[in-house]
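For reference, the structure is listed below as structure tokens.
The values are calculated or read from the model by the stated rules, or taken from the named source; none is laboratory data. No experiment lies behind these values; they were computed from the predicted model shown. Quick reminder, even Gly has a Cβ in these numbers, built from the backbone with ideal geometry, and neighbours come from all protein chains shown.
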Amino acid sequence: MTITTKRLSLQTMSTEIVVSGIRSTGHLHLGNYFGAIQNYLKMQDTYNCYFFVADYHALTTHPDPKLLRENVFRVLAENIASGLDPEKVALYAQSDVPEIPELYLMLNMLAYKGELEKVPTFKDKVRQQPENVNAGLLTYPVLMAADILIHKGAKVPVGKDQEQHLEMARNFAARFNKRYGEDFFPEPQVFRFSQDAMKIMSLDGNGKMSKSENVNATIYLSDSDDVIRKKIMKAKTDGGPTEPNSEMPDYISNLFVLLNAMSATETSQSYRDAFNNCNIRYGDMKKQLAEDMVAFVSPIREKAFELQQDHDMLRKILKAGAEKARASASETIEGARKLIGINYY
Ligand code: TYM
């Protein structure tokens, strides 16, 4: 019986490799959950998955070492509390895999200053922190490409804000292949099950939910029930539509994305009908959304809190994850060294 089950699960397992990461720069929020983690959960049973905490990427803003460490354990705990199973996937810290910076160095030789300077996220950072425009910030997309290509990742579940970085990863992969050997790296593609959640806006309608910005209009997986209720009740709405079947403003459609994600189908449909019939009461809709959100977030928050009390166990998970990741990474780096001509023994 066990053998049959095992054979069946092997048959349904795809050989395609999935890679994705989350920076350890603060508390995870609904954007991270619906833009990334939800896809991880759906993929963990059917793909060969590598998910990691991007602690090297967090260094671009020079975080306090104690805080960075705490954030790594929290991101890890919040991923597991959301349902990620370290038995099914490789779950590790980026800095535990030294093959990643080695590949990053190799890929840096194929990445050009001009193209890196044009990346919108780099330009944003230059505007936000003109006093700290470091080389790590400029080569951020190269490190991301190394994260993915080190496992020959083909599918990358990420939100909309990472699409440009993925395009660069494809370019670096293609450049490496052209120079050193056809088809060594796949060209990784963005992957998601639903288009809806690729960008969760902040509740005040200004920008996206974020770990470090729009904090009062972002729902964090660590928010208390009361904080969740308060934030939702303050979400931006308006007087409602005056014409039947009007187009939704983006801050309203964002509330519907959240309602769709966490309320019963009939509930979200009835509010959608009310919107289309111009008799929607946003106060009622927000109360409903707040309660459904509390029911959704609170078990994750509590589980994550519990997990964070046991650093020994989290460390064991990180160690086992790093072992799985390094087994795959060392194979890739050996192949890359050979192709480049830096294998001497
Ligand atoms: P990070 O840490 O900013 O975000 C982690 C994941 O959450 C998604 N996301 C969102 N999705 C929808 N709505 C939002 N408001 C929202 N905010 C964040 C992000 O798109 C991402 O999928 N550079 C990456 C981390 C990284 C990585 C990689 C990802 C490093 N190496 C290799 C994939 C592959 C980042 O800063 O994500």
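Observations on the structure shown:
- If the condition is being of a type in the set (A, V, I, L, M) and under 23 Å from the mean Cα position of the chain (by Cα), then the range 328-339 contributes only A329.
- So L289, is it under 22 Å from the mean Cα position of the chain (by Cα) and surrounded by 18 or more Cβ atoms within 10 Å (Cβ to Cβ): no
- Residues (in contact with a helix residue (DSSP H, G or I) (Cβ under 7 Å, 6 or more places away or on another chain) and without any contact (Cβ under 8 Å) to a residue 60 or more places away in the chain) located in the range 18-44: I22, S24, I37
- Positions within the range 154-181 being more than 8 Å from the ligand (Cβ to nearest atom), touching a residue at least 12 places away in the same chain (Cβ under 8 Å) and among the acidic types (D, E), in sequence order: E163
- The condition (being near the ligand (Cβ under 9 Å from one of its atoms), buried (at least 21 other Cβ atoms within 10 Å of the Cβ) and under 22 Å from Q162 (Cα atoms)) is satisfied by just one residue among Y92, Y40, Y56, Y50: Y56.
Per-residue answers, yes or no, for (1) among the aromatic types (F, W, Y); (2) modelled with pLDDT under 95; (3) buried (at least 22 other Cβ atoms within 10 Å of the Cβ):
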site	(1), (2), (3)
K125	no, yes, no
F172	yes, no, yes
R175	no, no, no
Q195	no, yes, no
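- The residues listed here are S210, S222, S202; of these, the one that is more than 10 Å from the ligand (Cβ to nearest atom) and under 20 Å from Q38 (Cβ atoms) is S222.
Here is a yes/no grid of residues against (1) within 15 Å of the ligand (Cβ to nearest atom); (2) at pLDDT 95 or above; (3) surrounded by fewer than 18 Cβ atoms within 10 Å (Cβ to Cβ):
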position	(1), (2), (3)
L105	no, yes, yes
L110	no, yes, yes
E115	no, yes, yes
K118	no, yes, yes
T121	yes, no, yes
P141	yes, yes, no
K152	yes, yes, no
F185	yes, yes, no
R192	yes, no, no
